[in-house]
1. Starting from the Cα of Lys155, draw a straight line to each of the aspartates and glutamates and keep only those under 14 Å, dropping any in the same chain fewer than 8 residues away.
2. Under 14 Å between alpha carbons, and skipping anything fewer than 8 positions from Lys66 in its own chain: which aspartates and glutamates qualify?
3. Over the chain, calculate the relative contact order: mean separation of alpha carbon pairs under 8 Å at least 6 apart, over the residue count, as a percent.
4. Can you tell me the equivalent ellipsoid semi-axes for segment 49-109? Use √(5λ) from the Cα gyration tensor, largest first, whole Å.
5. Using Cβ contacts closer than 10 Å as the measure, can you line up Phe20, Phe7 from fewest to most?
6. For the chain, what log10 I(q)/I(0) values come out of the Debye formula at q = 0.19, 0.20 1/Å, with one point per alpha carbon and no solvent?
7. Taking R0 as 25 Å, what's the FRET efficiency between Leu109 and Glu88 from their Cβ-Cβ distance, rounded to 0.05?
8. List Asp76, Asp84 from most exposed to least, where exposure is judged by having the fewest other Cβ atoms within 10 Å.
Amino acid sequence: MRVSTQFPIAVHALLMVAYFPDIRVTSEMVAESVGNNPVIIRNIYGKLKKADLLYVQRGTGDTKLKKPANEITLWDIYKAVETDVVSEVFKFPDTLSEVCPIGGSIRELLLIHLQDGINALENSLSATTIEELRVEIEAHINRKIDLPAIVAWYKENGFV
């Protein structure tokens, strides 16, 4: 399954807002950190605002999380910028033959199983919050601990 760059960029942006609560995290600032165009960041900001994850004040561009960081999951962010509709995630050709027993059945059959995959993705991404990522980044920066060790420790100790 292919996911666009919007998802990691949206996570990046919200993580910056959570990590720098006293700084106005502008689209230009995020664009510089991501290495992308501010227009792309503003489009992602729009989707995050529409999903009630981000507040951007008109005029000043002041940004705040709309909910506490420990209540914003990766699944929330994924749904804000990507689709969770199984038939949109997994595209089928419009040219399937209705005469062939496989062509006439494959879409309906696979959608059942592919929905299980979307459900597994939802369960996995729902287990991680922006706050957890913020703490992991902070520990990595302050203690020079490698990220895989931090994530493993959280999982082993029941924090995830």
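Please treat every number below as a calculation from the coordinates, not as lab data. This is a predicted model, so every value here is computed, not measured. Backbone-built Cβ (ideal geometry, glycine too); neighbour counts: all protein chains shown.
1. Within the straight-line limit of under 14 Å, Lys155 reaches these aspartates and glutamates: Glu132, Glu136.
2. Within the straight-line cut-off, Lys66 pairs with Asp52, Asp76, Glu131.
3. So the answer I get is 23 percent.
4. Here the semi-axes work out to 42, 13, 5 Å.
5. Exposure proxy ranking, most exposed first: Phe20, Phe7.
6. Treating every Cα as an identical point scatterer, log10 I(q)/I(0) equals -1.19, -1.27.
7. Taking R0 as 25 Å, the efficiency between Leu109 and Glu88 is 0.90.
8. Asp84, Asp76
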